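The values are calculated or read from the model by the stated rules, or taken from the named source; none is laboratory data. Please read these numbers as outputs of a predicted model, since none were measured by experiment. For the accessible areas, the whole protein counts, side chains as well, though only heavy atoms, and no ligand, DNA or RNA atoms are used. Shrake-Rupley method; radii C 1.70, N 1.55, O 1.52, S 1.80 Å.
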Amino acid sequence: MTQPLEWQLGDRSRMIDLRPSAGGERAGTPAVPCPVFLARERDPEVDALQAGLWRLGIPSLRAGLDTPLLVDADGLLFDGVRPTVLWVRHLSPRAAPEHPMSAVRRYRNDAWRALLSQLDTVAAAPVLGTGPGLLRQLAVARDLGIQVPKTVVTTRPGTDVVLLRTSRVVAKALDSHAVEAAPGLLAGAFAQVVPHDEVLGWTCQAPLVLQEYVPHDCELRVYHLRGEIHAFRVVKERPESLWLDEDAVQVIVCPVPEPVVNATRRLAEALGLGYAAFDFLIRQDEPVFLEANVTGDWRWFERRADTRALTRGAVKMIARLHRAGGGTRLRPLSFLAL
């Protein structure tokens, strides 16, 4: 018997530990304008990017909720460093140390959300990792003539599921599917495929996304890096297997079909996304767009497919943006094989 997504948050078997291991990470002290990663402490993608940039002679700063920041007339600074490119990755105000007053916690979270929603205005540099939510994405895709599943958002899933006619329904979160309620601990509410009639008994308090299940020939995860595109074919039994049963998931590097390339580039341009991970189903050679994850991870997919192409592409992308923003290399270093 499956349960509504929000019920999953109390299930400890669905909690993922991201807290730093003993010893911590190698720290750098950028002293020049440089790329800034606004991220949690433990992020394998940021680890790989910072290592690649360092080999190119480009220092970078990993900033968090405790990093001093200032917005002035010239833009945004983190601890005295002005970003040449800013990449926002999985930063959760909820993971800040607890305050005994709930009003203070809510005020702090609201203030961080307000800043994060305006970074593209105040950073005075290219900002990656931000963008419109699911409903805006689906509306833009429909306007572009790209196929999307029929979708409803509801707080009464047991009643409103009748609006979907398929025998199976996809239930997923409207925002992030993981909640970092404590620093380094992710509680997951993962997408799931559910028999239509089973949802008739559901109740929930938070808005929930219900989509018709789309029969398909294959599923693609497509990464867009300011025009450069990489794709993986993903074979799995259940949506949540990516998190909870990775041995049951097969990931294969694959060429990107031309209809998917066109759909990805049109969506990225219309949504203003320099970087995103796009999820498509392929049905009778035509792409069906599911969503674009603006902070989508890729190292797990690379490991499963035995490739580093996406990391190399991301390092090159940041290096180009850094140089275009007036940043320079510190000194000649051995180059990363790009």
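Just tell me which lysines come within less than 21 Å, Cα to Cα, of Lys172; anything on the same chain fewer than 8 places away is out.
Cα-Cα hits under 21 Å: Lys150, Lys236.
Determine how large the accessible area of Met101 is when every protein chain is in place; take a 1.4 Å probe and give Å² rounded to the nearest 10.
Number for this one is 110 Å².
Amide H of Val85 versus every other amide H placed in the peptide plane: which residues, excluding those fewer than 5 positions away on the same chain, fall under 5 Å?
Answer set, sorted by chain and number: Val36.
Which order do Lys172, Lys236, Lys150, Lys316 take by accessible area at a 1.4 Å probe, largest first?
Lys150, Lys316, Lys236, Lys172
Accessible area of Arg283, 1.4 Å probe, to the nearest 10 Å²?
Counting only protein heavy atoms, Arg283 exposes about 90 Å² to solvent.
I want to verify the translational diffusion coefficient of the range 97-209 in µm²/s; compute it with Stokes-Einstein, Rh as the Kirkwood radius over Cα pairs, at 20 °C and 1.002 mPa s.
125
Please compute the contact order of the range 104-240 in relative form: average sequence separation of alpha-carbon pairs under 8 Å and at least six residues apart, divided by the residue count, as a percent.
So the answer I get is 23 percent.
In sequence order, what are the phi-derived ³J(HN,Hα) couplings for the range 246-262 according to the Karplus relation 6.51 cos²θ - 1.76 cosθ + 1.60 with θ = phi - 60°, rounded to whole Hz, with x for glycine and proline?
With coefficients 6.51, -1.76 and 1.60, one gets 5, 5, 8, 10, 10, 10, 10, 5, 9, x, 8, x, 4, x, 6, 4, 4 Hz.
Report relative contact order for the range 210-286 in percent, whole number only (criteria: Cα-Cα under 8 Å, sequence separation at least 6).
Reported as a whole number, the value is 44 percent.
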